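Visitor: My questions will all concern the structure given below.
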Amino acid sequence: MWGGRFAAGPAAVMREINASLPFDKRLWRQDIAGSIAHANMLGAQGILSADEAATIIAGLEAIHAEYEAGDLPHDLDLEDIHMATESRLADKIGPVAGRLHTARSRNDQVATDFRLFVRDAMDEVDASLYLLQRALIDRAAEHADSVMPGFTHLQSAQPVTLGHHLMAYHEMIARDRSRFADARARINLSPLGAAALAGTGFPTDRHMTAAALGFDGPTRNSLDSVSDRDFALDYLMAATQCSLHLSRLAEEFVIWASQPFGFISLPDAYSTGSSIMPQKRNPDAAELVRGHAGRIVGCMTSLCVTMKGLPLAYSKDMQDDKPPLFEAHDLLGLSITAMTGMVETTLFRTDRMRALAESGFSTATDLADWLVREANVPFREAHHITGRVVKAAEQAGATLADLPLDTLQAIDPRIDARVHAVLTVDASVASRTSYGGTAPDQVRARIAEARAALDVEAGQ
């Protein structure tokens, strides 16, 4: 490629460290699409003859068919997918292949290919997250009335419904989709035609190639065009936050599947056994989703560190931008698919959830609120009174709802028989009617809104 300047070939280790073909051949679809768009533009602008452009495009389409059939290049001497494809094109159509690289550089070529890949990756993630949202909504609708303990510090706090709990993850996933959508809007400018760093003196039409590749337009600064990897960082940061949400849900499934909790039974399809303990059902899929989050965070950190001190414009360090993004994208796709499957097929043991909600003094706040509302007690005093009631129930081995009235009135005479109406878990969740609360009617309303939004998105 640069034999005119160099008298000797690279050292063996240079050949190996310099080659990106083992991983960037994954960009072959984007590379051929960009090259076809570039050849069409060169022909339209008279930089190539019509015959030259047509010959190049026919050759690229033939190479596309070869690659699609699995015959991908592997010769490290060709360095990367861009040179491998150009070399193959020369094999097919002869010297005219050398005209394809007119008015472009590998710098703008790889920036374009990588943007196209990341844009496709964002679309893939968005489609998968849509399915996860659907799964969460469907299961939440099944369990809008199913009572479970709500936790803070993993301690029983207030009763909620399982539907409300699942819809919390729907909200997280909705934010993840919004982050990918924001990033996609920013990515959608084409670097093609920026050349090495300064643009080109050929009469190119960058708007034409941008439109052909589905971009909103060309990038506005040639230096920035070839040195920018913000779009990859945008993807990785959105992927990191998404993986954290998936990890939190996976962690809850791991905890809930344990015998002390017993909230769920994971299906065989998402569980494994033990090589020595035949009774075991391990939540390995959930654990791997949880573990993948750490690797995705690492991928994001890797590219941040690579980019943090690079001068303009292109440096070879930037060749290492693709492996972390490829790894993160693959891991995120697996995690979303696995988590969607678990949400869809897990058996929720609502009887166990209700039993633990009833046993953890989770209606204590309802007693305090009743004292404020019905007995005009300041909340801080009501909090203190309720704490004494909880202590009495704990000593008696009873729930708050089971404590006799005389025991309650011995603690504070302002408590009367009406209090028992608010001390059941059903009464507690039904009372949380504020917008976004856990009252079943509120949960069903939010489910209806979320379902309607997804239906509109799907054109239903």
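Visitor: Kirkwood hydrodynamic radius of the range 90-153 from all distinct Cα pairs, in Å?
Guide: Evaluated on the range 90-153, it is 17.0 Å.
Visitor: If the label point is 7 Å along Cα→Cβ of ALA211, which residues in the range 189-203 have backbone nitrogen under 20 Å from it?
Guide: Only 189-194, 203 fall inside the zone, counting backbone N under 20 Å.
Visitor: Rounded to whole Hz and in sequence order, give me ³J(HN,Hα) for the range 84-100 from the Karplus expression 6.51 cos²θ - 1.76 cosθ + 1.60, θ = phi - 60°, writing x for Gly and Pro.
Guide: 4, 5, 5, 5, 5, 5, 5, 4, 7, 10, x, x, 4, 4, x, 7, 4
Visitor: Here's another thing I want to ask about it. Taking 0.36 nm per residue of separation and subtracting the Cα-Cα distance, what length does fully extending ARG414 through VAL13 add?
Guide: Details: separation 401, 0.36 × 401 = 144.36 nm, distance 8.43 nm.
So the chain would gain 135.9 nm between ARG414 and VAL13.
Visitor: Based on the mean of other beta carbon atoms within 10 Å per residue, what is the order of 327-333, 306-312, most packed first? Please report the intermediate quantities before stating the final value.
Guide: Working: 327-333: 20.7, 306-312: 12.1.
Per-residue Cβ counts within 10 Å, averaged per peptide and sorted highest first, yield 327-333, 306-312.
Visitor: What value does the range 347-460 have for Rg/Rh, both radii from Cα atoms and Rh as Kirkwood defines it?
Guide: Details: Rg = 17.9 Å, Rh = 15.9 Å.
Ratio value, two decimals: 1.13.
Visitor: Tally Lys/Arg at +1 and Asp/Glu at -1 over every other residue whose Cβ is under 10 Å from the Cβ of ALA232; what's the total?
Guide: That sum, taken over residues with Cβ under 10 Å, equals -1.
Visitor: Note down the nm distance, to one decimal, between modelled labels 7 Å out along Cα→Cβ at GLN45 and at SER315.
Guide: About 3.0 nm separates the two model spin labels.
Visitor: Please compute the modelled spin-label separation between LEU72 and GLU457, points set 7 Å along Cα→Cβ, answer in nm with one decimal.
Guide: Calculated label separation equals 3.0 nm.
Visitor: Run down the lysines and flag those whose C-alpha is under 17 Å from the C-alpha of LYS308, throwing out any fewer than 8 positions away in its chain.
Guide: List returned: LYS316, LYS322.
Visitor: A follow-up question, please. Going highest first, how would you order 145-151, 32-38 by mean Cβ packing within 10 Å? Before the final figure, lay out each step's value.
Guide: Details: 145-151: 22.0, 32-38: 23.9.
So the order, starting with the most tightly packed, is 32-38, 145-151.
Visitor: Please work out the average accessible area per residue across the chain, using the 1.4 Å probe convention, and give it in Å².
Guide: 46 Å²
Visitor: Please turn the phi angles of the range 177-192 into ³J(HN,Hα) values with the Karplus equation 6.51 cos²θ - 1.76 cosθ + 1.60 (θ = phi - 60°), one per residue in order, whole Hz, x for glycine and proline.
Guide: 5, 5, 5, 5, 5, 4, 5, 5, 5, 6, 6, 7, 10, 9, x, 4
Visitor: Between the range 225-300 and the range 152-219, what is the C-alpha centre distance in whole Å?
Guide: Between the Cα centres of the range 225-300 and the range 152-219 lies a distance of 22 Å.
Visitor: Of all the accessible heavy-atom surface of the range 322-451, with the other protein chains kept in place and a 1.4 Å probe, what percent is carbon and sulfur?
Guide: 54 percent
Visitor: Shifting gears a bit: Mind putting a number on the dipole of the range 181-230 about its Cα centre? Charges go on the C-beta only, +1 for Lys and Arg and -1 for Asp and Glu, and I need it in Debye to the nearest 20.
Guide: 40 debye
Visitor: A follow-up question, please. Given the Cα-Cα distance of THR337 and LYS280 and 0.36 nm per residue of separation, how much length would full extension add, in nm? If you can, show how the numbers build up before the last one.
Guide: Details: separation 57, 0.36 × 57 = 20.52 nm, distance 2.40 nm.
Extra length available between THR337 and LYS280 comes to 18.1 nm.
Visitor: Compare TYR169, TYR314 by solvent-accessible area with a 1.4 Å probe and give them largest first, with all protein chains kept in place.
Guide: Solvent-accessible surface, decreasing: TYR314, TYR169.
Visitor: Once amide H atoms are built 1.01 Å from N in the peptide plane, which residues 5 or more positions from GLY150, or in another chain, come under 5 Å H to H?
Guide: Residues meeting the amide H criterion: ALA157, GLN158, VAL160.
Visitor: Another question, if that's okay. Once a ≥ b ≥ c are taken as the square roots of the eigenvalues of the Cα gyration tensor of the range 157-284, is the result rounded (a/c under 1.5), prolate (a/b larger than b/c) or oblate (a/b not larger than b/c)?
Guide: Prolate.
Visitor: Dividing the alpha-carbon Rg of the range 1-121 by 2.2 N^0.38 Å yields what?
Guide: Scaled against compact globular proteins, the figure is 1.07.
Visitor: Is the shape of the chain rounded, prolate or oblate, going by the alpha carbon gyration tensor and its root eigenvalues a ≥ b ≥ c, with a/c under 1.5 for rounded and a/b larger than b/c for prolate?
Guide: Since a/c reaches 1.5 and a/b is larger than b/c, the shape of the chain is classed as prolate.
Visitor: Net charge near ASP145: determine it from the other residues with C-beta under 11 Å of the C-beta of ASP145, scoring Lys and Arg +1 and Asp and Glu -1.
Guide: -1
Visitor: When the Karplus curve 6.51 cos²θ - 1.76 cosθ + 1.60 is applied with θ = phi - 60°, which whole-Hz ³J(HN,Hα) does each residue of the range 224-234 get, with x for Gly and Pro?
Guide: Couplings: 5, 4, 8, 9, 7, 10, 4, 4, 5, 5, 4 Hz.
The values are calculated or read from the model by the stated rules, or taken from the named source; none is laboratory data. Quantities reported herein were computed from a predicted structural model and do not represent experimental measurements. Backbone-built Cβ (ideal geometry, glycine too); neighbour counts: all protein chains shown. Each accessible area value is taken on the protein alone, full model and side chains, heavy atoms only, with ligands, DNA and RNA left out. Shrake-Rupley method; radii C 1.70, N 1.55, O 1.52, S 1.80 Å.
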